[in-house]
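What follows is a single structure, written as structure tokens, with notes after it.
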């Protein structure tokens, strides 16, 4: 089996390595000699239990998750977690802190308003989300349940360079689009979450890593399937899980380790983003508006200086095998998402096309 020679620059569902797709193809009809497809394997079988245990072990090993954190694999995407975070962490509090740095942090904040009073600790809205507010300017409510920040804004293309250094406050982070691209310092974190369809496989499952002493903070009306403590007790099997998404996530993490692990992914992300930003900055045909110190390594938005050529740009890109470069519907423009499965050579091909299109 071979794929057509195209490169998927989508923000999600994102590119998956050819070797992972080949393994899925090879195992699809008879998984682990069970005689059944992974698409129909029972979630209560010992084979699937082994898969779930292996997946959790891989996450803990790759990210070096401390033993006092629980690892959950929950149905749905990160938008479900916008509500679940508030449901599970606000009991005993009336207020939560949010840092607003783009589209997704705004959505998370608006969802949290259904369950608690939201205190806006900082916002870059006036700067059109092209930067991240300096931490010295943050106005944090100290009696709040937590402070939430979006580590990487997939649409706007801004990324925190490190975990905010804040004392005496539970930090919660949406890491959907940069998880598994660099190591994580869990000493400063209470909970992180991420959908899978960026660096961990396909849509349908989200990863939640939460400090165990925070598992008793859920609102009493929280449904069992949304209840972190219940899901933790039931090994993420409170309801039938998205079994195929579990399987693909396990394969993706096997691939990541075979490629050299998290440090290798971090260096690749640095190099890939650096060469693309260097070209955009030097070009007279394209523009990236993000403050250099906060530029995302994974999601790189840009506009054409001649906006009238935008439609022909996307058409020509597709003809050259470069897919899904359209920016998010809320902002337009173009965007290249260069997650772990996108190679350095893939980015070079994109730059070659950008140069070609600018010259013609």
If contacts are Cα pairs under 8 angstrom and at least 6 residues apart, what is the relative contact order of the chain in percent? 22 percent
Considering only C-alpha atoms, what is the centroid distance from segment 243-285 to segment 290-330, in Å? 18 Å
What whole-number volume per residue, in cubic angstrom, does the convex hull of the C-alpha atoms of segment 261-359 give? 103 Å³
If only Cα atoms are counted, what is the Rg of the chain, and what is its Dmax, in Å? 20.7, 62
Could you calculate the contour length gain from residue 166 to residue 343, that is, 0.36 nm times the residue separation minus the distance between their Cα atoms, to one decimal place in nm? 60.2 nm
Kirkwood hydrodynamic radius over Cα pairs of segment 130-269, then Stokes diffusion coefficient at 10 °C and 1.306 mPa s, in µm²/s: 94 µm²/s
Based only on other Cβ atoms within 10 Å, what is the fewest-to-most ordering of 53, 221, 259? 221, 53, 259
With each run of n ≥ 4 DSSP H residues scored as -39500 (n - 2.57), what mean residue ellipticity at 222 nm is computed for the chain after dividing by its residue count and rounding to the nearest 500 deg cm²/dmol? -10500 deg cm²/dmol
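What ranking do 191, 239 get, fewest neighbouring Cβ atoms within 10 angstrom at the top? Spell out each step's value before the answer.
Details: 191 24, 239 12.
Neighbour counts put them in this order, fewest first: 239, 191.
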Cα centroid separation - segment 11-82 against segment 150-212, whole Å: 19 Å
Using a Förster distance of 30 Å, how high is the FRET efficiency between residue 28 and residue 264, based on the Cβ-Cβ distance and rounded to 0.05? 0.55
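Can you put 304, 63 in order, fewest other beta carbons within 10 Å first?
Placing the least packed residue first, the sequence is 304, 63.
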How big is segment 1-113 along each principal axis, measuring the range of its Cα positions in Å and listing the largest first? 53, 38, 27
When the chain is modelled as a GNM with alpha-carbon springs shorter than 10 Å, which of 136, 34, 230 fluctuates the most? 136
Over the chain, with a Gaussian network built from C-alpha contacts below 10 Å, which listed residue (130, 45, 94) shows the highest mean-square fluctuation? 45
In this structure, the FRET efficiency calculated for residue 237 and residue 142 from their beta-carbon separation, with R0 = 51 Å, to the nearest 0.05, is 0.85
What share of the DSSP beta bridges in the chain is antiparallel, in percent to the nearest 5? 55 percent
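Rule-based calculations on the coordinates, nothing more; no lab input. Keep in mind that this is a model prediction, so the values were computed, not measured. Every residue, glycine among them, receives a Cβ derived from its backbone with ideal geometry; neighbour counts consider all protein chains shown.
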